[in-house]
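Just below is one structure, and these are the notes that go with it.
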Amino acid sequence: MIYPIKNNDPALSENAIRLLQSRYLRKGVDGLSLETPDDMFRRVAKAVAQAELSWGGLQEVKQWEDAFYTTMRHLFFLPNSPTLMNAGTTANQLSACFVLPIQDSLENIFDMLKWTALIQQSGGGTGFNFSNLRPKDAYLNKTSGTASGPLSFIKIFDAATEYIKQGGKRRGANMGILSITHPDIEVFITSKQSNGVLRNFNLSVDITDDFMKAVENDLSWQLVHPMSQQGERKIAARTLWDLIAQCTWASGDPGLLFLDTINKYNPTPSIGLIDSTNPCGEVPLLPYESCTLGSLNLPKFILNTKSSREFNWNLLTETIKTAIRFLDDCVEINNYPMPEIKKMAYANRKIGLGVMGWADALGMLSIPYDSEEAVKLAERLMKFIQEQSHETSRHLADQRGAFNNWKDSIYAPDYPIRNATCTSIAPTGSISIIANTSASIEPWFGLAYQRKHVLNDETLPEINSVLKEHFQTYYPESHAILEEILLSGSLKNLALPTETRRLFKTSLEIAPIWHIRHQAAFQHFTDNAVSKTINIPESSSVADIKELYWTAWKMQLKGVTIFRDKCKPSPISQGLSAH
Ligand code: ADP
């Protein structure tokens with residue numbers, strides 16, 4: 001049953017209401033919703049504002065509860081799914097992202113498996129670097145036997161995830177990482193070549209700058225035993241590079257993670273090296289760190305005057321202030337799944353504010369995605385968001401104190417700030433559906449599509465709302481045109497001016513370099529990282545993939561995921577969402 005929209009409910013799309021009903025609204029034993037979407041926003045606002053009691057009185061609690069409620073109810077800002085689902089419930093676990101350390105001992109591995117199960121049950125995603133594990137067939141002291149290698153353990157984590165359905169809501173997600181120097185690297189690179197294997201994992205190779213230089217100069221590459229640090233085999237760097245590109249071409253996995261770049265921007269290098277990210281790559285984290293994310297819904301900030309359309313920078317500023325405070329409050333009241341994670345959360349207070357609806361916003365501004373103007377605007381916008389986020393976090397530091405590790409951070413001694421990181425661009429797979437906007441910074445994937453509902457397989461026809469508005473405004477025959485688009489899903493058979501065609505290009509019609517350039521534009525002003533899928537046409541070659549990987553490294557991206565059309569049913573980052 002669809003919850004009837006009442007006059008005072010937020011303007012939610014039918015898809016949003018369906019999704020909220022199936023996964024977010026609290027339910028009774030009979031399976032019926034105990035709350036409306038409006039109640040959900042109130043529940044979340046109320047729970048998160050309780051944090052204000054640590055520094056203020058009841059008046060502040062009420063004031064911020066109302067501010068949080070309003071910003072979510074108007075869909076200006078939404079926190080990541082676990083916050084919407086769990087805040088104010090007995091679970092009260094609010095973070096989407098976690099990283100756990102994997103050590104070379106059976107005891108540690110199975111301890112981490114247990115914590116992974118508990119984190120995933122609470123709605124979080126987990127990332128691991130498996131490079132500390134000794135390679136397959138290495139000698140084991142205790143049993144005089146031989147080791148089974150990182151891949152066998154990745155399979156165990158994958159199998160566990162398969163059976164942990166988060167409160168009947170969605171299956172968990174993982175990131176698995178292996179160093180380019182690990183002796184089992186070829187097995188890792190090729191491990192997702194068959195359909196359905198390790199389907200609960202995104203895999204990324206941890207690539208160093210030295211490796212890229214070895215590829216550039218066609219040198220041989222030394223594989224190293226992770227325990228003894230002794231050299232094992234040598235292999236031509238270009239042989240490994242070819243293998244990675246071929247596997248990406250065939251299956252979309254593995255992706256690359258540039259840990260040297262990540263650590264160049266590590267805010268607390270003296271606390272430790274970062275060697276992992278969360279499942280979709282937007283948050284590099286130290287062992288036991290977690291992060292709560294939230295996203296600004298960009299189309300809501302577009303001022304529509306007669307002469308021009310622009311961002312409403314004032315409303316953006318106000319919303320950023322509220323959102324950063326909201327996320328810092330989440331750090332305070334979060335019910336952390338394990339004591340080590342709680343300790344790290346208080347020590348660094350990492351949060352990640354990002355954006356969704358970038359393609360819709362560009363469409364509303366009549367700026368094509370594949371244009372210099374779009375890339376410039378991306379930089380200007382994200383620079384603004386980052387500056388305002390830091391400004392707010394500094395203000396919070398005045399009132400509440402800087403994060404505990406601040407003295408050992410890159411910000412000390414002159415820049416007291418409350419949060420070690422403030423910004424991050426998440427995929428917004430589900431929350432963009434709730435906000436009824438395009439996902440993250442991705443271009444449109446289609447203009448009209450059947451959206452298959454994850455839980456009940458029901459399909460719903462849907463047309464891109466920006467396109468609809470554009471045609472209704474500029475074309476007298478819009479009804480017939482929209483019918484045609486709904487049927488064919490494209491503008492192909494329609495006689496339209498070039499500018500209109502250019503404006504409504506979809507993901508695969510946009511040259512891949514523009515995908516990378518948008519990722520770079522946002523990355524350069526993002527504390528954490530950017531989750532982005534570089535969607536490329538089916539006809540792309542292995543050489544194209546190498547070229548894109550190379551460009552991504554040169555442009556100082558922190559990671560890169562390429563997906564060649566039709567090489568597999570769908571990549572996990574898209575499969576995670578309700579598309
Ligand atoms: P949402 O739109 O639901 O808030 P995103 O698509 O933006 O989520 O993903 C943000 C992060 O949430 C991911 O990088 C991952 O860490 C986590 N996440 C997403 N989907 C899942 C899932 N099915 N299980 C566990 N964690 C997930």
Single unsatisfied condition, I485 versus (1) assigned to a loop (DSSP other than H, G, I, E, B); (2) at pLDDT 85 or above: (1)
Residues that are part of a loop (DSSP other than H, G, I, E, B), among the aliphatic types (A, V, I, L, M) and within 20 Å of G401 (Cα to Cα), drawn from region 336-350: none
Scope region 531-550; condition of a type in the set (S, T, Y) and either within 16 Å of the ligand (Cβ to nearest atom) or farther than 20 Å from C280 by Cα (or both); matching residues: S531, T533, S539, S540, S541
Residue match in region 396-410 (condition: assigned to a loop (DSSP other than H, G, I, E, B), within 16 Å of the ligand (Cβ to nearest atom) and in contact with a helix residue (DSSP H, G or I) (Cβ under 7 Å, 6 or more places away or on another chain)): no
Residue match in region 1-11 (condition: of a type outside the set (D, E, K, R) and at pLDDT 90 or above): no
Of residues in region 106-132 being touching an Asp or Glu at 6+ places or on another chain (Cβ under 9 Å) and more than 25 Å from S424 (Cα to Cα), the one farthest from the ligand (Cβ to nearest atom): N132
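For region 107-121, what are the residues that are among the polar types (S, T, N, Q) and crowded, with 22+ Cβ neighbours inside 10 Å?
Quick first cut of region 107-121, residues among the polar types (S, T, N, Q) only: 108, 116, 120-121.
If the condition is that a residue be among the polar types (S, T, N, Q) and crowded, with 22+ Cβ neighbours inside 10 Å, then T116, Q120 are the ones that fit.
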Residues located in region 135-159, provided they are at negative phi and in contact with a Leu (Cβ under 8 Å, 6 or more places away or on another chain): K136, T146, A147, P150, F153, I154, K155, I156, F157, D158
Some residue of region 168-186 being at pLDDT below 95 and assigned to a helix (DSSP H, G or I): yes
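Let me confirm something: among D260, D253, which residue is part of a loop (DSSP other than H, G, I, E, B) and either in contact (Cβ under 8 Å) with a residue 24 or more places away in the chain or within 18 Å of the chain's Cα centre (by Cα) (or both)?
Values: D260 fails: part of a loop (DSSP other than H, G, I, E, B).
Answer to the selection: D253.
Per-residue answers, yes or no, for (1) away from the ligand (no atom under 12 Å from the Cβ); (2) within 25 Å of K350 (Cβ to Cβ); (3) in a strand (DSSP E or B); (4) among the small types (G, A, S):
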site	(1), (2), (3), (4)
T268	yes, yes, no, no
I274	yes, yes, no, no
E282	no, yes, no, no
C291	no, yes, yes, no
S295	no, yes, yes, yes
L303	yes, no, yes, no
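Any residue in region 141-159 that is within 16 Å of the ligand (Cβ to nearest atom) and of a type outside the set (G, A, S)? Walk me through how you get there before you give the answer.
We begin by selecting, within region 141-159, every residue within 16 Å of the ligand (Cβ to nearest atom); these are 157-159.
Then drop every residue that is not of a type outside the set (G, A, S), which leaves 157-158.
Among the residues of region 141-159, at least one is within 16 Å of the ligand (Cβ to nearest atom) and of a type outside the set (G, A, S), which makes the answer yes.
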Odd one out for L133, checked against (1) assigned to a loop (DSSP other than H, G, I, E, B); (2) touching a Lys or Arg at 6+ places or on another chain (Cβ under 7 Å): (2)
Selected residue (only one of E52, E35 is at pLDDT 95 or above, among the acidic types (D, E) and closer than 13 Å to R325 by Cα): E52
Among (1) modelled with pLDDT under 90; (2) not acidic (D, E); (3) not in a loop (DSSP other than H, G, I, E, B), the one test that N493 misses: (3)
Test: R42 is crowded, with 19+ Cβ neighbours inside 10 Å and basic (K, R): yes
Residue selected from region 411-448 under the condition within 13 Å of the ligand (Cβ to nearest atom) and in contact with an Asp or Glu (Cβ under 8 Å, 6 or more places away or on another chain), by the criterion farthest from L482 (Cα to Cα): S424
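The values are calculated or read from the model by the stated rules, or taken from the named source; none is laboratory data. None of these values were measured; they are calculated from a predicted model. Note that we place each Cβ from the backbone using ideal geometry, even for glycine, and neighbour counts take in every protein chain shown.
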